[in-house]
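Working notes for the structure below.
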Amino acid sequence: MRYPPVSVPMVAVAHGSRDPRAAATVTELLAAVRTRLDAPVHASFLDHAAPSPDRVLDGLDADEAVVLPLLLTAAYHSKTDIPGMLRRVRNPRLRLHTTPTLGPHPLLMAALERRLAEAGVQAGDPDTAVVLVSAGSSDPAANATIARLARDWRGRGWYGTAPAYASAASPTPAEAIAALRAAGAPRVAVASYFLAPGYFTDKVRTASLAAGATAVTDPLGAAPEVADLIVHRYGETLAAPLRATAV
């Protein structure tokens, strides 16, 4: 997926983490985006890492920029934190185009199936049930999005599917695995709906294996589908000029 050459820079906004693996994953992912997109691509972080989005935006020599949340669901960070950061931008002439969050999108489900295949789980295996695990949120709409994705994924041919959350909501991964095993699932795999490794991915892997999961995927990371989706969000947002807003 490649869009025509453009000059509008992209500022990708990641959650940020104290775990150095998270920033390394963002770096790897944006390197893949640069091979697909003829535009400047910059990384920024909401917390625990530098630089912040407003710092990056204030340093641009440009009249406009695309702000792209590296977030898998729309919740507090996309609805509150990022708009708050953008209000701190001091450049009065900079027009900002803010994209939707990465998810939900079919490309992310394709990336999840890629990670499952890497873990030895064939997509749609009728003898395998899948637990779709996200971080969890205080925003009920974000949790409902994960539940809907899990429900829709059932049509792929799995024995069954279930949502689970690492925090702030239920069921937990262990509870979802137990329910699927009680329903007769011969095997249960866990699909990690996380962009980068960190505390939650480690917690999910440990708890899931202890609960009897046969496989737990790595986070989505720099999967090619994720890089393609970032380019898609960038292109569709620039193609909708009414989304542009002045700082």
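The values are calculated or read from the model by the stated rules, or taken from the named source; none is laboratory data. Predicted model only: the values in this text are computed from it and were never measured. Cβ atoms come from the backbone with ideal geometry, glycine included; neighbour counts cover every protein chain shown. Note: accessible area is taken over every heavy atom of the protein model, side chains too, but ligands, DNA and RNA are not part of it. Shrake-Rupley method; radii C 1.70, N 1.55, O 1.52, S 1.80 Å.
Annotations
- When ARG205 is tested against the conditions (1) in contact with a Phe, Trp or Tyr (Cβ under 8 Å, 6 or more places away or on another chain); (2) assigned to a helix (DSSP H, G or I), the lone failure is (1).
- The stretch 74-101, subset in contact with a strand residue (DSSP E or B) (Cβ under 7 Å, 6 or more places away or on another chain) and not in a helix (DSSP H, G or I), residue surrounded by the fewest Cβ atoms within 10 Å (Cβ to Cβ): ARG95
Per-residue answers, yes or no, for (1) closer than 15 Å to THR128 by Cα; (2) among the basic types (Lys, Arg):
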| position | (1), (2) |
| --- | --- |
| ALA141 | no, no |
| ILE146 | no, no |
| LEU149 | no, no |
| ARG156 | yes, yes |
| ALA162 | yes, no |
| ALA168 | no, no |
| LEU180 | yes, no |
| LEU195 | no, no |
| ASP202 | no, no |
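- Annotation: of all residues in the stretch 31-56 being in contact (Cβ under 8 Å) with a residue 60 or more places away in the chain and surrounded by 14 or more Cβ atoms within 10 Å (Cβ to Cβ), the one that is nearest to ARG90 (Cα to Cα) is ALA39.
- For the stretch 152-163, the set of residues classified as touching a residue at least 12 places away in the same chain (Cβ under 8 Å) and assigned to a helix (DSSP H, G or I) consists of TRP153, ARG156, listed by residue number.
- Among the candidates ALA117, ALA111, residue that is of a type in the set (A, V, I, L, M, F, W, C), under 20 Å from PRO197 (Cβ atoms), open to solvent by 40 Å² or more (accessible area, probe 1.4 Å) and assigned to a helix (DSSP H, G or I): ALA117
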